[in-house]
Amino acid sequence: MKTRFSGSSFGNCARAWFAGALALGCLAMGFAQAVPASKDPAKAEPATVETVTLSPFEVNSNDDNGYQAGNTTSGSRLNSSLRDTAASISVFTPEFLSDIAANNIGEMLAYATNVEGEFEDSNQGFNNPTARNADGTTGDFRVRGIQGSFAVDLMETLAPQDNYNVERVEVASGPNSVLFGLGSAGGLVTLTTKRANLVRNKYTTRMQLGEWAQKRYETDLNYVPLPKKLAFRVVGVDSSREGWRHWDFEDFRRGTAAVTYKPWENTTVRGAIERGTYKRHATWPWNGTDQISVWRANGSVLKDTFTAATDTPLGLASLGTNNRIVMSESDNTLYNFRNKLQSGGLGTNQGQSLLRASDMPMAYSFNGPGAHFSQSFRNYQAAIEQRVAKDFVFELAWLHADSDAYITSWAVPNNEIDLRADPNVTLPDPRDPTKTIPNPNAGRYYMEGQWRPNSATFTNDVGRLTAAFVHDFGPWGRHQLTGLFETGKTKRNKRDRTEILVDDNNVPVANATPENAQNQLFRRHYVTLNDFTTYYQGNPSLPVPVMPVAITTGTTTVLKNAHYASAPTSAAGNNDSGKQTDTLMLAMQNYWWNKRLVTTFGFRRDEIVFNDGITERLAATDPRVTSKQRISGEFEPTGRFNRYSYSPTTHTEGAVFHFNSRFSAFYNRSTNVGPPRFDRTVLPGVPPPPTDGNGRDGGLMIDLTKDGRYFLRLTHYDTQFLHDTPIIPGGVGGGNFFTTAVSNILGHLQNSGKITQAENDAHTTFFTSFEVDVISSGQELEFVANPTRQWTLRLTYSHTQRARANYFGEREPWFADFTAYVKSKDPGTVIAATGRTVAQEIAFLEQQIDSNDDVQVQSYGTRPHKGSFTSRYTFGSDSRLKGLFAGGAYRYQSHNYTQMDLRAGVPTYGQKFYGEVIQGFDFFTGYGVRLPWLKTRATFQLNIKNAFNQSRVTAGRFNTDFSGFKRVFVQEPRSWRFTTTFDF
């Protein structure tokens, strides 16, 4: 049992307080209804239409005007004017989202201020976008150059985001502790779901047809059987589409049922249930890797023997002496390709260049028909809002989210899928290892890979009590105070497996360690030349034959009957974990000097307990192994946990000063804490600490006409994201250059008799990851205007300077102490494994650290300039074109930094290389008309995205000698959507 940053009994006390608050809340409701407000008999009550009092915890989108939003809850958790909010918050109004026809968070954030996609290109590796993981997402993004996150109703969920049930979208840039305790320093996208509306019946149906066989049907039915008392709302979506890349698809069905009940004037009860299923193709946004050009240029040599000196220049490579079991899908047969050949690249460029479009266009996915992701999810929530007095309201809420996901993931060296040729003239006879047979596929191109079935479950339960006090004290100002207590429990279970082969006794065929590469199954798919629909790495849905396979151990070769199985990939990949969070938050917004000065303060304390599951290998004597249900040595969660406790305190302070009705200045600073990554370790072999976020924003707000029609916000920001651990050179279960050097030094000292085994063990360290800080600063501009009643527009621009710093800073003081210790024991002899003395090995290790620092601190992926312009014009009632509207948008992201040339001795050493600009024009037009015989309003809208087919493929990372692409960014080609909406 390990514990770090031990907490107190705060959590238990807080949970008890929460239960007590629930009971007091029920009493308060009864008291509020039993004692009506006193009335002055001298004042006659005029006959007025009853109005609905808005909750202080929500914003009514009816206050928005075109693209201009009036209010937000992201600054203080209470409904506040954006003009009075010091934090950087951008709101997408319903009209804006409708105009751009955005269906999900990815489509929407393309127009957000200082936001860009995150494809793992911000790290040196650029290898592993999360879309291939069962607990990953397809909508990762960066805000201000730093990873961002999103929450639904301020709650973490793994359900894919869709706008069908979203009432409002707000983007809070930078760390904001008032909104979240654990989250990214980049920012938070807050999605507020639709609620049953007590005011009136409203029925909306929408059909959207589009490019690539898109069909999307939505319904939104709000029914009010008892006006101002009871309302029901049902929202649903059924969507299917293919994609611009062959094999791509996305299908989902989801629905939400909501209810609002107001039994008494001051009491509101709400509830909602959402359920859904989601399926999509699983792939990466690039094509295969070139391992054919050199072989093809040198005559496409076919042979069975390999001599490195003469055959490597011909584009040939050996698969090595280890067993390599390949299932050929062309004849459904297992072969051992041990010592056989494959086509390959040359030198340091091997496996580093993507294929040219003539060899495999980007419009084809290398994962084929069997790669898919499927998920089912459920979201529930219930809330009671009670107005105890005119100025005091509290809300008691419970929220639940859970999901089950499965993906046919894949694992390949260097995270690349190669297009290779089979140069072997013969193959080993599967039935007789002493014989060979002619290779029926000699000279053919193929793709192959190792498939990894991956599943994950997620549950999150949150209880939340929020209280608000809003009062105007006259000359002493108007003040809004918010208090929150929240308790949450999250559970995650992950099962990452790989396909292997076992014998008749359920024992791995070649190596005792189940996940060892010699046991793994490689599925090989031979392609039909230039028929790019056949260019994929095999189909994991095809059954694997049960048949003999020749396995070689040392000098002995035996036939083993091979059966299909799967085994966990690593301890970290097969893990149960949990998180208990108890939060206290206080926030206030204060209006001084006749509202000329508005101050905001937020304080949050989270007590967080992480339970990281302990995973061990199954023993040969385990009943599950002896009964052949499981495999000896495979990883299995034990049900035991390492417990880690943290008690971070975060804060927000801000102020807005209104010089007059046109000009205002603002300043805000805030902090936050991010969750640690328990799938990796840092020196000296412990889980990494939580990340820290620090932010400062300042600038001007200008209301040009004093009526909000022309509103400009100019911001300068500084954001820090500290102690992140994205660098895992050996993977989540592997070592690295540092641990290898330490092991070599200690082993040499022990072999030389200078230290004992116990001393060796005491100084040995093993960890998988390195820390690095991300520093971002820049300027942002957002201008929203409504020049006339018919014309609305929105302009955004940002400039970002992003840097990485303090690579591997956590090595001290450990490394200094280790250096002094081993130098004191140095015998002066050469380490057999390296050919260097201890002192030389330390010096070489320091050089490696410096060299890696040069690589890791580069600002990969940074696009300094980003901007967008969106506008819409609607023809007025006095126009002959009444009902017609038209508009468009322009999106721009400047060239991205790819890498620096660090090849010694070349003329371009030290030169920085960049990619290309990403930009696109979008257009939309529509017509709205009232259909009196149907008592409905119909709207027909056509959207054209990327109208001029710009920025289709741009560089993300170059290969080693900068002669080709290693990674790319791809933008969808021109596409259309036609949306028909009926509002009853």
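The values are calculated or read from the model by the stated rules, or taken from the named source; none is laboratory data. The structure presented is a predicted model; accordingly, all values stated were derived computationally and were not measured. Note: ideal-geometry Cβ built from the backbone for every residue, glycine included; neighbour counts use all protein chains shown. For the accessible areas, the whole protein counts, side chains as well, though only heavy atoms, and no ligand, DNA or RNA atoms are used. Shrake-Rupley method; radii C 1.70, N 1.55, O 1.52, S 1.80 Å.
Inside the range 932-961, residues that are surrounded by 15 or more Cβ atoms within 10 Å (Cβ to Cβ) and part of a strand (DSSP E or B) make up a count of 15.
Taking the conditions exactly as written (out of contact with any Asp or Glu (no Cβ under 8 Å at 6 or more places or on another chain), open to solvent by less than 30 Å² (accessible area, probe 1.4 Å), among the charged types (D, E, K, R) and closer than 29 Å to Ile89 by Cα), does Arg168 satisfy them or not? Judged against the criteria, Arg168 is a match. I'd like to check something: does the range 903-920 contain any residue that is of a type in the set (Lys, Arg), surrounded by fewer than 17 Cβ atoms within 10 Å (Cβ to Cβ) and touching an Asp or Glu at 6+ places or on another chain (Cβ under 6 Å)? Within the range 903-920, none of the residues are of a type in the set (Lys, Arg), surrounded by fewer than 17 Cβ atoms within 10 Å (Cβ to Cβ) and touching an Asp or Glu at 6+ places or on another chain (Cβ under 6 Å).
Look through Phe141, Phe119 and report the one residue that is within 21 Å of the chain's Cα centre (by Cα), at pLDDT 80 or above, open to solvent by 20 Å² or more (accessible area, probe 1.4 Å) and not polar (S, T, N, Q).
Working: Phe141 fails: open to solvent by 20 Å² or more (accessible area, probe 1.4 Å).
That would be Phe119, the only listed residue that is within 21 Å of the chain's Cα centre (by Cα), at pLDDT 80 or above, open to solvent by 20 Å² or more (accessible area, probe 1.4 Å) and not polar (S, T, N, Q).
Cβ separations smaller than 6 Å between residues 6+ apart or across chains give the following pairs from the range 584-609 residues that are among the charged types (D, E, K, R) to residues that are open to solvent by 10 Å² or more (accessible area, probe 1.4 Å) and not in a strand (DSSP E or B): Asp606/Pro648; Glu607/Gly7; Glu607/Phe10; Glu607/Ser647.
Of all residues in the range 800-821, those that are in contact with a strand residue (DSSP E or B) (Cβ under 6 Å, 6 or more places away or on another chain), open to solvent by less than 40 Å² (accessible area, probe 1.4 Å) and not small (Gly, Ala, Ser) total 6.
Has the range 760-768 got at least one residue that is within 23 Å of the chain's Cα centre (by Cα) and open to solvent by 10 Å² or more (accessible area, probe 1.4 Å)?
Of the residues in the range 760-768, the ones within 23 Å of the chain's Cα centre (by Cα) are 768.
Keeping just the survivors that are open to solvent by 10 Å² or more (accessible area, probe 1.4 Å) gives none.
No: zero hits.
Residues of the range 193-251 that are open to solvent by 70 Å² or more (accessible area, probe 1.4 Å), assigned to a strand (DSSP E or B) and of a type in the set (Phe, Trp, Tyr): Tyr203, Tyr217, Tyr223, Phe232. The residue that is surrounded by the most Cβ atoms within 10 Å (Cβ to Cβ), among those in the range 303-326 that are under 16 Å from Asn519 (Cβ atoms) and of a type in the set (A, V, I, L, M), is Ile325.
Residue-by-condition table, conditions (1) over 27 Å from Asp422 (Cβ atoms); (2) surrounded by fewer than 18 Cβ atoms within 10 Å (Cβ to Cβ); (3) of a type outside the set (D, E, K, R):
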| site | (1), (2), (3) |
| --- | --- |
| Asp496 | yes, no, no |
| Glu499 | no, no, no |
| Pro508 | no, no, yes |
| Asn519 | no, no, yes |
| Leu529 | no, yes, yes |
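Going residue by residue through the range 369-384, is there one that turns out to be under 30 Å from His246 (Cβ atoms), without any contact (Cβ under 8 Å) to a residue 40 or more places away in the chain and either in a loop (DSSP other than H, G, I, E, B) or of a type outside the set (Ser, Thr, Tyr) (or both)? Among the residues of the range 369-384, not one is under 30 Å from His246 (Cβ atoms), without any contact (Cβ under 8 Å) to a residue 40 or more places away in the chain and either in a loop (DSSP other than H, G, I, E, B) or of a type outside the set (Ser, Thr, Tyr) (or both), which makes the answer no. Pairing residues of the range 869-884 that are on the phi < 0 side of the Ramachandran plot and in contact (Cβ under 8 Å) with a residue 60 or more places away in the chain with residues that are part of a loop (DSSP other than H, G, I, E, B) and loosely packed, with under 15 Cβ neighbours inside 10 Å, at Cβ distances under 8 Å and at least 6 apart in sequence or on separate chains, gives Phe875/Leu881; Phe875/Lys882; Gly876/Arg789; Gly876/Lys882. Within the range 252-286, restricting attention to residues that are open to solvent by less than 20 Å² (accessible area, probe 1.4 Å) and assigned to a loop (DSSP other than H, G, I, E, B), the residue that is farthest from Gln971 (Cα to Cα) is Ala282.
With respect to the conditions (1) open to solvent by 10 Å² or more (accessible area, probe 1.4 Å); (2) in contact (Cβ under 8 Å) with a residue 40 or more places away in the chain; (3) in a loop (DSSP other than H, G, I, E, B); (4) not hydrophobic (A, V, I, L, M, F, W, C), Ser358 lacks only one, and its number is (2).
Scanning the range 520-532 for residues that are free of Cβ contacts under 8 Å to residues at least 60 places away in the same chain and on the phi < 0 side of the Ramachandran plot turns up Thr528, Asp531.
If we scan the range 878-900, do we find a residue that is more than 30 Å from Ala785 (Cα to Cα) and open to solvent by 50 Å² or more (accessible area, probe 1.4 Å)? Walk me through it before giving the result.
Taking the range 878-900 first, the residues more than 30 Å from Ala785 (Cα to Cα) are 896-900.
Subset that is open to solvent by 50 Å² or more (accessible area, probe 1.4 Å): 900.
Yes - at least one qualifying residue is present in the range 878-900.
Condition check for Thr615 on (1) among the polar types (S, T, N, Q); (2) under 30 Å from Phe666 (Cβ atoms); (3) open to solvent by 10 Å² or more (accessible area, probe 1.4 Å): one failure, at (2).
For the condition more than 24 Å from Arg356 (Cα to Cα), open to solvent by 50 Å² or more (accessible area, probe 1.4 Å) and either in contact (Cβ under 8 Å) with a residue 40 or more places away in the chain or charged (D, E, K, R) (or both), what is the one hit in Phe984, Phe965, Phe923?
Values: Phe965 fails: more than 24 Å from Arg356 (Cα to Cα); Phe923 fails: either in contact (Cβ under 8 Å) with a residue 40 or more places away in the chain or charged (D, E, K, R) (or both).
Just a single option satisfies the conditions, and that option is Phe984.
Cβ-Cβ contacts under 9 Å between residues 6 or more apart (or on different chains), taken from a first residue in the range 808-825 that is within 14 Å of His763 (Cβ to Cβ) to a second residue that is among the polar types (S, T, N, Q), are listed as Trp814/Thr765; Phe818/Thr765; Lys825/Ser752.
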